[in-house]
Structure formats: structure tokens, C-alpha cells
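Trainee: What follows is a single structure, and I will ask about it in a moment.
Just so it is clear, none of the values below were taken in a lab; they were calculated from the coordinates. Not measured: the values here are computed from a predicted model. Cβ coordinates were reconstructed from backbone atoms using ideal geometry, including for glycine residues, and neighbour counts include every protein chain displayed.
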Amino acid sequence: MRLIAIGLNHDSAPIGVRERVAVTAERLVEALHEVAKRNQVREAAILSTCNRTEIYCHQQDNSEEQLISWLCAFHGVPESDLSPYLYRFPDEQAVRHAFRVASGLDSMVLGEPQILGQMKEAFAIAHKSGVTGKILNRLFQQTFSVAKRVRTDTAIGSSAVSVAFAAVSLSKQIFSDLSQQTVLMIGAGETIELTARHLKENGVKHLIVANRTLERARRLAETFGAEAISLDELPARLSDGDIVISSTASTLPILGKGAVESALKRRRRSPIFMVDLAVPRDIETEVAELDDVFLYTVDDLQGVIEENLQARRQAAREAEQIIDTQTDEFMGWLNSLNAVPTIKALRESFDRMVETEVERAQKKLQAGADANEVVRQLAGSLSRKFTHNPTEQLARSDNDGTLNDAVRRLFKLEP
């Protein structure tokens with residue numbers, strides 16, 4: 001009974017590698033069922049965001065080869081291209097990693113809260129797909145509990161330094177007064193919603209939300225007093241955006257070099273600041289070649305936000321102590337499962353002994369034997385039967401004293 005987590009993230013792999021193995025929402029259930037069909041796999045969950053793709057499994061052994069082979073085959077990526085960037089965490093390391101990820105300690109921006117919601121959604125989909133069970137259910141429930149405790153008991157979330165906040169902070173460095181700029185946001189997911197909130201807090205008055213589903217764009221736009229458009233309108237409206245921030249789940253780029261070049265002409269070469277928060281990327285890399293475009297990806301945001309991080313670093317040290325304690329607790333529970341069959345067999349064996357001796361004692365009482373004597377004989381007989389096999393094994397098989405020490409611990413005997 002083993003736990004294992006394999007994956008890659010913003011620290012281990014560049015965006016070009018991460019986007020090759022990102023599991024889109026449309027293919028997530030398919031991927032989960034394929035992983036669950038592996039010979040050794042008993043339970044599975046997949047977490048795939050712009051910064052990471054990870055597979056959590058409960059399986060018969062700690063071998064990660066079949067998971068890596070599946071990941072490469074599913075995306076059509078040669079193992080030689082992917083293997084150098086993968087991390088592999090067995091058992092206790094997998095538990096600690098899950099706790100750290102959910103608590104925001106493994107994020108590009110330390111302590112960002114968005115990843116917890118993404119983990120909850122990933123688990124909910126895996127659970128609904130029927131590929132989780134006792135082990136992963138317990139792991140993820142405790143993961144969410146640990147993350148909540150970290151946020152309650154430490155200052156890890158005391159200041160806004162999410163990727164969305166980093167994008168807005170970078171915008172403020174480019175434009176001194178955001179209230180005078182029009183911001184075009186592409187997508188309507190959690191990242192765009194968080195970005196919109198930060199933009200409004202920083203005085204942006206004109207927001208445009210473009211999304212493939214117009215109704216979803218309208219719902220988000222209503223929240224922030226923004227304008228909603230469909231992606232079909234994007235080529236004609238792109239020139240309106242002084243700032244363009246994109247985060248969709250599209251597998252193909254939303255904006256190409258040609259469309260952006262056309263928008264620049266309509267703007268009379270007035271510069272556009274663009275931030276691509278999506279993985280795979282929404283904006284073609286060639287767009288950065290244009291003279292009047294400033295294009296940043298999620299990787300470029302790594303060093304943007306340093307303000308407010310010192311308090312979070314101290315909080316992270318406190319969070320690590322919580323995680324260490326909770327990891328030990330989970331591993332204690334997990335290891336206890338290995339003893340369940342033995343405990344059951346031991347109790348059944350003792351119950352049979354007791355039943356046999358009680359029947360014998362009852363027959364003696366029915367025959368008129370003295371009750372006190374029968375009780376003493378019953379106690380003595382049970383004592384001899386309970387200790388017979390252990391003492392026999394101690395006498396025969398304990399050359400190095402290991403069994404002797406184990407018996408003393410089990411029965412709390414004096415040294």
C-alpha cells in the first residue's frame with residue numbers, strides 16, 4: 001500500500017515544457033480513467049494548473065515508471081524530453097508535498113490562496129469520476145484541513161501577492177495611473193476574476209471581459225461593472241485595450257501576431273501591455289517580437305512581487321512546523337492500516353480461546369464443581385493459552401533480542 005506523487009512545476013520546468021503536459025478540463029476525466037487502469041494503481045487524482053501538473057496515486061508499490069510512461073504517451077511527449085523536469089515523491093514525501101502545495105508554500109507566489117481551490121476542484125472531479133478511495137479521500141480531506149489551519153494560525157495570507165496581483169502590480173509599473181487605461185481581459189475563470197478585483201481596487205474604470213461563452217462573460221462583467229464581449233468580437237475590439245490580460249483553458253493560442261499587429265495599426269502604434277497567465281499560452285510567443293508590445297508570461301512574473309513577502313516567509317516557517325506534525329499524523333494513520341488484518345486475526349484467535357474455555361467452565365459448573373475453583377481454573381487456562389505461542393517463539397527465534405524488545409513494548413513490561 002503506497003502513495004506516490006509525480007509531476008513538474010514552475011520551479012522544475014519552464015513554461016514550454018509545462019504546457020506540453022497540461023491536462024485540460026475537457027480531457028481531465030479521460031486522463032483520470034486512463035491512469036486508474038494502470039496495473040498497480042488503486043486510486044488517482046490529477047492536479048493541472050498553469051504552474052504545475054501532478055499525479056497523486058495510491059498503488060501497490062512505489063514504482064513511478066508506469067505513471068511517467070502514461071503521462072508521456074497521453075500527451076505524445078518523448079520520455080527523454082520530460083524526465084529531467086519531473087519530481088517523484090513516495091509515501092511521506094507525497095503527503096508533505098500535498099500539504100505544502102495546498103498551503104501555498106510551493107507556489108510561484110508564496111502563500112497564494114488560489115491553489116487550494118484548484119486542488120479542491122481536482123479532488124472533486126477525481127472523486128466524482130470514481131477513481132479515489134479510502135486513502136486519497138483521507139489524504140485530500142486532511143490536506144484541505146491543514147491548508148485551512150495554516151491560513152488561520154499563520155500570516156501566510158496577510159498580504160495580496162497572487163499571480164493576478166503580480167500582473168496588476170506590473171501594470172502599475174508601466175502605467176502610473178490605471179484609472180486612465182482600458183483593460184481587456186480574456187477568459188472568465190478564477191484567475192481573471194481575481195485580476196478584475198485587483199484592477200478595480202487600483203482604480204481601473206473601464207474593463208472589458210472577453211470569453212468564449214458570452215453569458216459567463218456577462219456574469220463576471222456584472223460583478224465589476226465591466227463590458228462583456230464574445231471571443232468572436234476580440235479581433236475588432238483588441239485595439240481598445242491598453243492592457244490585455246489573458247487566462248483561458250484553450251489548448252491553442254487565442255491571439256496571434258497578425259491580430260495584434262492589426263490592432264497596433266488601429267491604435268496608431270500606441271503600445272499595448274500584455275500579460276499571458278495561461279498554460280498552454282493564449283498569446284503566440286511571436287507577439288513579443290512586435291516593437292510596440294510588452295508581453296509577459298507567468299514565468300516573467302516570478303520576480304515582480306517582493307513586497308509583503310518577508311512576513312510570508314516567516315509565516316511559511318511556522319507553516320512547515322504545522323505540516324510536519326500533520327504529516328506524521330497522517331502517516332501514523334496510514335501505517336496503522338497495515339496492522340488491521342493482524343489485529344483482526346489476533347482478536348479472533350483470542351475470542352476462540354475464550355469461547356472454548358468458557359464452555360468448559362460452564363460444563364464444570366453444571367456438574368456441581370466449586371464456582372471459585374472453576375473461575376481460578378478458567379483464568380489459569382486462559383493465561384497459559386494466551387502466552388503459549390509468544391513464549392514459545394521467544395524461546396526459539398529471538399537470537400538478536402528483536403522479538404524480546406517488541407514483546408516488552410507490546411505488553412508494556414518493565415525493562
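Trainee: At a Förster distance of 60 Å, what's the computed FRET efficiency of TRP333 paired with GLN366, Cβ-Cβ distance as r, to 0.05?
Mentor: 0.80
Trainee: Across the stretch 207-215, in residue order, what do the Karplus-derived ³J(HN,Hα) couplings come to in whole Hz, using 6.51 cos²θ - 1.76 cosθ + 1.60 with θ = phi - 60° and x for Gly and Pro?
Mentor: My calculation for the stretch 207-215 gives 10, 10, 10, 10, 8, 4, 9, 4, 4 Hz in order.
Trainee: Would you please state which residues of the stretch 350-372 a label at PHE386 would reach in this model, taking the label point 7 Å out along Cα→Cβ and a backbone N cut-off of under 14 Å?
Mentor: 350-355, 357-358
Trainee: Given labels modelled 7 Å from the Cα in the Cβ direction, how far is it in nm from PHE294 to GLN321?
Mentor: That separation, rounded to one decimal, is 4.2 nm.
Trainee: Right, here's the next one. To the nearest 20 debye, what charge dipole does the chain have about its Cα centre, counting +1 at the Cβ of each Lys and Arg and -1 at the Cβ of each Asp and Glu?
Mentor: Working: 50 positive and 58 negative charges, 241 e Å.
With only Lys, Arg, Asp and Glu charged at Cβ, the dipole is about 1160 debye.
Trainee: Further question: What whole-number volume per residue, in cubic angstrom, does the convex hull of the C-alpha atoms of the stretch 191-234 give?
Mentor: Values: hull volume 2.7 nm³, N = 44.
Cα-based convex hull of the stretch 191-234, divided per residue, equals 61 Å³.
Trainee: If you don't mind, there's one more thing I want to ask. Could you line up LEU277, LEU116, LEU136, LEU410 from fewest to most neighbouring Cβ atoms inside 10 Å?
Mentor: On the way: LEU277 27, LEU116 20, LEU136 23, LEU410 9.
So the ranking, lowest neighbour count to highest, is LEU410, LEU116, LEU136, LEU277.
Trainee: Using 0.36 nm per residue of separation minus the Cα-Cα distance, give me the extension gain between GLU121 and ARG237 in nm, one decimal.
Mentor: 38.5 nm
Trainee: Here is a further query. As I understand it, the dipole of the stretch 2-158 uses +1 on the Cβ of Lys and Arg and -1 on the Cβ of Asp and Glu, about the Cα centre. Which of GLN66, PRO84, VAL101 lies farthest toward its positive end?
Mentor: The residue sitting most towards the positive pole is VAL101.
Trainee: For the stretch 2-158, place one equal point scatterer on every Cα, skip the solvent, and apply the Debye formula. What is log10 of I(q)/I(0) at q = 0.13, 0.15, 0.20 Å⁻¹?
Mentor: Each listed q maps to, in turn, -0.55, -0.74, -1.35.
Trainee: Using the structure shown, list the pairs from LYS344/LYS412; LYS148/LYS172; LYS172/LYS205; LYS37/LYS344 with a Cα-Cα distance above 24 Å, or answer none. All intermediate terms of the calculation are to be shown ahead of the outcome.
Mentor: Details: LYS344/LYS412 21 Å; LYS148/LYS172 31 Å; LYS172/LYS205 14 Å; LYS37/LYS344 31 Å.
Among LYS344/LYS412; LYS148/LYS172; LYS172/LYS205; LYS37/LYS344, the Cα-Cα distance tops 24 Å for LYS148/LYS172; LYS37/LYS344.
Trainee: So in the chain, what percent of DSSP beta bridges are antiparallel if you round to the nearest 5?
Mentor: 45
Trainee: Oh, and also: Just tell me the longest site-free run in the chain, where the sites are trypsin sites (Lys or Arg not before Pro) in a DSSP loop having at most 11 other beta-carbon atoms within 10 Å.
Mentor: Working: sites that count: LYS37, ARG268, ARG269, LYS412.
Formally, the longest exposed-site-free interval is 38-267.
Trainee: Pull up all non-local amide H partners of THR132: gap of 5 or more, or a different chain, and H-to-H distance under 5 Å with H placed in the peptide plane.
Mentor: Long-range HN contacts for THR132: ALA44.
Trainee: Follow-up question, since we're still on this one. How large is Rg over Rh for the stretch 163-301, taking Rg from the Cα atoms and Rh as the Kirkwood inverse mean of 1/r across Cα pairs?
Mentor: On the way: Rg = 13.3 Å, Rh = 14.5 Å.
Result: Rg/Rh = 0.91.
Trainee: For the stretch 163-243, which semi-axes, largest first and in whole Å, follow from the square roots of 5 times the eigenvalues of its Cα gyration tensor?
Mentor: Over the Cα atoms of the stretch 163-243, the ellipsoid semi-axes are 20, 14, 11 Å.
Trainee: To one decimal place, what Kirkwood hydrodynamic radius in Å is obtained for the chain from all pairs of distinct Cα atoms?
Mentor: Working: mean 1/r = 0.0395 Å⁻¹.
For the chain, inverting the mean 1/r across all distinct Cα pairs yields 25.3 Å.
Trainee: Tell me which GluC sites (Glu not before Pro) from the stretch 223-314 have a DSSP coil assignment and no more than 12 other beta carbons within 10 Å of their own.
Mentor: Sites meeting the loop and neighbour criteria: GLU306, GLU307.
Trainee: Tell me which residues come under 5 Å, amide H to amide H, from THR297 once H is placed; ignore anything under 5 positions away on its chain.
Mentor: ASP276
Trainee: To the nearest 0.05, how large is the calculated FRET efficiency for SER69 and ARG409 if R₀ is 45 Å and r is the Cβ-Cβ distance?
Mentor: Numbers: r = 43 Å, r/R0 = 0.95.
Efficiency, from the Cβ-Cβ distance: 0.55.
Trainee: Charges only on Cβ, +1 for Lys and Arg, -1 for Asp and Glu: so what's the dipole of the stretch 114-193 about the Cα centre, in debye to the nearest 20?
Mentor: 500
Trainee: So, one more: Please name which of PHE175, GLY225, ILE192 has its Cα lying farthest along the dipole of the stretch 163-301 towards the positive end, using unit charges on Cβ (Lys, Arg +1; Asp, Glu -1) and the Cα centre as origin.
Mentor: GLY225
Trainee: Right, another one. Arrange MET331, MET274 by Cβ neighbour counts within 10 Å, fewest through most, would you?
Mentor: If I rank by nearby Cβ atoms, fewest first, I get MET331, MET274.
Trainee: Under a plain spin-label model, where a point goes 7 Å from the Cα along Cα-to-Cβ, how far apart in nm are SER80 and SER262?
Mentor: That separation, rounded to one decimal, is 4.2 nm.
Trainee: In whole Hz, what ³J(HN,Hα) sequence does the stretch 346-353 give by Karplus (6.51, -1.76, 1.60; θ = phi - 60°), x for Gly and Pro?
Mentor: Values, residue by residue: 5, 5, 5, 5, 5, 4, 5, 4 Hz.
Trainee: Using only DSSP helix segments of four residues or longer, with each worth -39500 (n - 2.57), what per-residue ellipticity at 222 nm results for the chain after dividing by its residue count and rounding to 500?
Mentor: That comes out to -17000 deg cm²/dmol.
Trainee: Something else now. Please give the residues of the stretch 328-358, grouped as numeric ranges, whose backbone N is less than 17 Å from a label point set 7 Å along the Cα-to-Cβ vector of GLN377.
Mentor: 354-358
Trainee: Using alpha-carbon positions, what is the distance between the centroids of the stretch 365-399 and the stretch 128-202, in Å?
Mentor: Between the Cα centres of the stretch 365-399 and the stretch 128-202 lies a distance of 66 Å.
Trainee: Using the 10 angstrom Cβ neighbour count as an exposure proxy, how do CYS50, CYS72 rank, fewest first?
Mentor: CYS72, CYS50
Trainee: Next question, about the same structure. Grab the beta carbon distance between SER12 and MET353, set R0 = 56 Å, and tell me the FRET efficiency rounded to 0.05.
Mentor: FRET efficiency, SER12 to MET353: 0.50.
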